[in-house]
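Here, each number is a calculation from the coordinates, and none is a lab measurement. Just so it is clear, the structure is predicted and the values come from calculations on it, not from any experiment. Cβ placement follows ideal geometry from the backbone for every residue including glycine, while neighbour counts extend to all protein chains displayed.
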C-alpha cells in the first residue's frame, strides 16, 4: 500500500487516451484471486474518465483481492472488521524523480466477491458495478469524500456524470 489512509464505499501497466484526447492514467493491476475482473484496458478508461485532466502523467495501482484480505485491510485502516468493495489509498505528493515516469496517485483495493454480492442485490450488471467502484475509488484518490452530506452529494454528482459519459446508468437509482 502507498499510504496508511484508506477510504471506502460501503453502500502490468497501460497508458490510454481519454475521450478528450488527453493522456490517461497508467494502471498497474495485481490479481491476487482467481475470479472475473474487467480487463486492464477497461479499468484504465474508467479511471481516466473519472480523473479527467488529473490523469495525465499519473499512475494508479489496482489490487484485486479476496474477502479475507479486504477485511484485514478494512479493519486495519478503517476500523471496520468486514470486507468491503473498494478501498482507496491516496499517496502523499512526492517530488517528481524522473522526467517521463508517471507519478503515483495511489492504490485501489477491490474485492470482487463483495462487488458481485452487491451487484446481485442491487440488480446491476457486474460490469456496471465495477465501473462505478473504479470511478468512486479514483475520485477518492483526488480528494473527493462522502463523510459530510454536502461532500457526498458533490461526489455522487461527479460519479453519475462520469458514469453517464461512459454509458452506464445512475448507480444511485433503483433499476
Equivalent ellipsoid semi-axes, the stretch 7-165, via Cα gyration tensor eigenvalues times 5, rooted, Å: 23, 18, 17
Relative to the compact-globule scaling 2.2 N^0.38 Å, provide the ratio for the alpha-carbon radius of gyration of the stretch 107-174. 1.08
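What ranking of 60, 110, 142 emerges when the number of other C-beta atoms within 10 Å of each C-beta is taken as an exposure proxy, fewest first? It would help to have the intermediate numbers written out before the result.
On the way: 60 29, 110 24, 142 17.
Ordered from fewest to most neighbouring Cβ atoms within 10 Å, 60, 110, 142 come out as 142, 110, 60.
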Rounded if a/c is under 1.5, else prolate if a/b beats b/c, else oblate: with a ≥ b ≥ c from the C-alpha gyration tensor eigenvalues square-rooted, which is the stretch 63-138? oblate
Relative contact order, percent, of the stretch 24-83 when contacts are C-alpha pairs under 8 Å separated by at least 6 residues? 40
Within the stretch 7-165, the percent of DSSP beta bridges that are antiparallel, given to the nearest 5, stands at 45
For the stretch 123-137 and the stretch 146-164, what is the separation of their C-alpha centers, rounded to whole Å? 15
